[in-house]
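Trainee: Attaching a single structure in structure tokens format; questions to follow.
The values are calculated or read from the model by the stated rules, or taken from the named source; none is laboratory data. Just so it is clear, the model here is predicted, and its values are computed rather than measured. Don't worry about glycine lacking a Cβ; one is built from the backbone with ideal geometry, like all the others, and counts go over all protein chains shown. Accessible surface is based on the protein model in full, side chains and every heavy atom, while ligands, DNA and RNA are left aside. Shrake-Rupley method; radii C 1.70, N 1.55, O 1.52, S 1.80 Å.
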Amino acid sequence: MANVIKLSEAAALQVKDMMEQAEEQNAFLRVAVKGGGCSGLSYGMGFEHEVTDEDQQEAHHGITVLIKKEDAPILNGTEIDYKQSLMGGGFTIENPNAIASCGCGSSFRTATKAGTPENC
């Protein structure tokens with residue numbers, strides 16, 4: 001099965017650093033979609049210790065990523081990177097399925113999934 005997302009090496013290194021700082025070295029990285037944000041859907045990333053039958057596992061640069069099977073079509077082809085700038089660093093998410101997004105960059109909607117829009 002092909003990977004749903006692409007996690008860049010820079011993003012994987014940042015996740016590893018965050019795992020070490022939080023003493024979560026044995027955790028998985030969960031990438032999720034939830035309702036909310038100004039466009040209807042928003043991304044979520046966090047550490048997870050349990051894998052369920054609903055999860056698809058992917059390996060990216062030494063990080064095991066978990067994605068719920070129901071989120072896979074929405075996230076398919078999504079690229080997650082980490083960029084450093086003079087203003088600090090942050091994760092960037094490029095989702096080819098998003099047809100609309102708002103300024104924060106973490107809220108979006110797709111042609112088939114509108115989510116539940118909220119005020120920014």
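Trainee: Does Ala98 satisfy the criteria of being modelled with pLDDT under 90 and either under 17 Å from Val4 (Cα atoms) or of a type in the set (Phe, Trp, Tyr) (or both)?
Mentor: For Ala98, the condition - modelled with pLDDT under 90 and either under 17 Å from Val4 (Cα atoms) or of a type in the set (Phe, Trp, Tyr) (or both) - is met.
Trainee: Name the pairs whose Cβ atoms lie under 7 Å apart, with the first residue in region 52-81 and among the basic types (Lys, Arg), the second open to solvent by 70 Å² or more (accessible area, probe 1.4 Å), and 6 or more positions between them or separate chains?
Mentor: Lys68/Glu54; Lys69/Glu54
Trainee: Here's another thing I want to ask about it. Quickly run through region 18-36 and pick out the residues that are farther than 22 Å from Ser101 by Cβ, out of contact with any Ser or Thr (no Cβ under 8 Å at 6 or more places or on another chain) and open to solvent by less than 50 Å² (accessible area, probe 1.4 Å).
Mentor: Met19, Glu24, Ala27
Trainee: Which of (1) without any contact (Cβ under 8 Å) to a residue 24 or more places away in the chain; (2) assigned to a strand (DSSP E or B) is the odd one out, the single condition Ala32 does not satisfy?
Mentor: Looking at each condition in turn, Ala32 falls short on (1).
Trainee: When both residues are 6+ apart or on different chains and their Cβ atoms are under 6 Å apart, which pairs have a first residue that lies in region 1-23 and is in contact (Cβ under 8 Å) with a residue 12 or more places away in the chain, and a second that is part of a helix (DSSP H, G or I) and open to solvent by less than 90 Å² (accessible area, probe 1.4 Å)?
Mentor: Close Cβ pairs satisfying both conditions: Val4/Ala72; Val4/Leu75; Ile5/Leu75.
Trainee: For residues that are of a type in the set (D, E, K, R) and either surrounded by fewer than 16 Cβ atoms within 10 Å (Cβ to Cβ) or in a loop (DSSP other than H, G, I, E, B) (or both), tally how many sit in region 37-55.
Mentor: 3
Trainee: Does region 69-81 hold any residues that are open to solvent by less than 80 Å² (accessible area, probe 1.4 Å), at pLDDT 95 or above and in contact with a Leu (Cβ under 9 Å, 6 or more places away or on another chain), and which are they?
Mentor: The answer is Ile80, Asp81.
Trainee: When you go through Ala59, Ala32 one by one, which is the residue that is in contact with a Leu (Cβ under 9 Å, 6 or more places away or on another chain) and small (Gly, Ala, Ser)?
Mentor: Of the residues listed, the single one that is in contact with a Leu (Cβ under 9 Å, 6 or more places away or on another chain) and small (Gly, Ala, Ser) is Ala32.
Trainee: Testing Thr64 on (1) more than 13 Å from the chain's Cα centre (by Cα); (2) modelled with pLDDT of 95 or more; (3) surrounded by fewer than 18 Cβ atoms within 10 Å (Cβ to Cβ), one condition comes back false. Which one is that?
Mentor: So Thr64 meets the others, but not (1).
Trainee: So, one more: Could you tell me which of the residues Glu79, Glu58 is farther than 24 Å from Thr112 by Cα and not in a helix (DSSP H, G or I)?
Mentor: After ruling out the rest, the residue left standing is Glu58.
Trainee: Please determine whether any residue of region 36-48 is without any contact (Cβ under 8 Å) to a residue 12 or more places away in the chain and either in contact with a Pro (Cβ under 9 Å, 6 or more places away or on another chain) or more than 21 Å from Ala111 (Cα to Cα) (or both). Reasoning before the result, please.
Mentor: Here is the first cut: in region 36-48, the ones without any contact (Cβ under 8 Å) to a residue 12 or more places away in the chain are none.
No, there is no match, as no residue in region 36-48 is without any contact (Cβ under 8 Å) to a residue 12 or more places away in the chain and either in contact with a Pro (Cβ under 9 Å, 6 or more places away or on another chain) or more than 21 Å from Ala111 (Cα to Cα) (or both).
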